[in-house]
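What follows is a short report on a single structure.
The values are calculated or read from the model by the stated rules, or taken from the named source; none is laboratory data. Here the structure is a predicted model, which is why all the values come from computation and not from measurement. Heads up, the Cβs are rebuilt from the backbone with ideal geometry, glycines too, and the neighbour counts pull from every protein chain shown. Note: areas computed on protein heavy atoms with side chains; ligands, DNA, RNA excluded. Shrake-Rupley method; radii C 1.70, N 1.55, O 1.52, S 1.80 Å.
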Amino acid sequence: MMNDLPRIGLGIDVHRLQPGRPCTLGGIAFDCEVGPIGHSDGDAVLHAACDAVLGAAGLDDIGTLFSDDDPMHEGRDSAEFCRETMRLVNDRKLRVCSLDVVIETELPKLKPRRQAMRERLAELFELPADRVNVKGKTGEKVDAVGRGEACRATVVALLAGR
Ligand code: MG
């Protein structure tokens, strides 16, 4: 395997938001009147991050590895998907060098928990927090995100050999 060359991966995930749902994004619990709907906890940020990392590693995507149809994943903490992803990455003698995360949502307000999300992502994907960036944006009233009906996360991951 050509393990010495860097590998880039992209992950995108969208979840609908619903009043009264618990709200976890980037592995951090937010106190918010809406939360993402999902088969698991609906954490679009961790799902997009897993997909970016899996893509860079040349592995199957999160939907294939952790199927929505599997009752085992119902209500599951998405941190477990990250740990499973990192098991596969470590098996391939790869490591995550950096993560760049964009979260688009009207709610919750992300800024106060940005650093907490960076630290949580760093812990889950086994890299220093200064190599994780988290940017929050609103949807500018455009599409489902702008209307507050959904949140979207986009993540780019860089991996290299160990
Ligand atoms: Mg998802």
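Listing for the model above:
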{"item": "Flag for A79 being under 18 Å from V101 (Cβ atoms), more than 13 Å from the ligand (Cβ to nearest atom) and surrounded by fewer than 21 Cβ atoms within 10 Å (Cβ to Cβ)", "result": "yes"}
{"item": "Sole exception among (1) part of a helix (DSSP H, G or I); (2) open to solvent by less than 40 Å² (accessible area, probe 1.4 Å); (3) hydrophobic (A, V, I, L, M, F, W, C); (4) in contact with a helix residue (DSSP H, G or I) (Cβ under 9 Å, 6 or more places away or on another chain) for C97, by number", "result": "(1)"}
{"item": "Residues that are touching a Leu at 6+ places or on another chain (Cβ under 7 Å) and more than 21 Å from D91 (Cα to Cα), drawn from region 45-73", "result": "V45"}
{"item": "Top-ranked residue of region 1-45 - restricted to ones that are of a type in the set (S, T, N, Q) and within 15 Å of the chain's Cα centre (by Cα), ranked as farthest from G136 (Cα to Cα)", "result": "S40"}
{"item": "Flag for D70 being free of Cβ contacts under 8 Å to residues at least 24 places away in the same chain, of a type in the set (D, E, K, R) and within 17 Å of L158 (Cα to Cα)", "result": "no"}
{"item": "Top-ranked residue in region 56-73 [being open to solvent by less than 40 Å² (accessible area, probe 1.4 Å) and either away from the ligand (no atom under 13 Å from the Cβ) or not in a helix (DSSP H, G or I) (or both); ranked as modelled with the lowest pLDDT]", "result": "S67"}
{"item": "Cross-chain or 6+ apart pairs with Cβ under 8 Å, region 38-56 first and without any contact (Cβ under 8 Å) to a residue 24 or more places away in the chain, then within 11 Å of the ligand (Cβ to nearest atom) and not in a helix (DSSP H, G or I)", "result": "G38/H15"}
{"item": "Number of positions in region 108-127 that are surrounded by fewer than 16 Cβ atoms within 10 Å (Cβ to Cβ) and within 21 Å of R16 (Cα to Cα)", "result": "2"}
{"item": "Matching residues, region 82-94, being open to solvent by less than 10 Å² (accessible area, probe 1.4 Å) and in a loop (DSSP other than H, G, I, E, B)", "result": "none"}
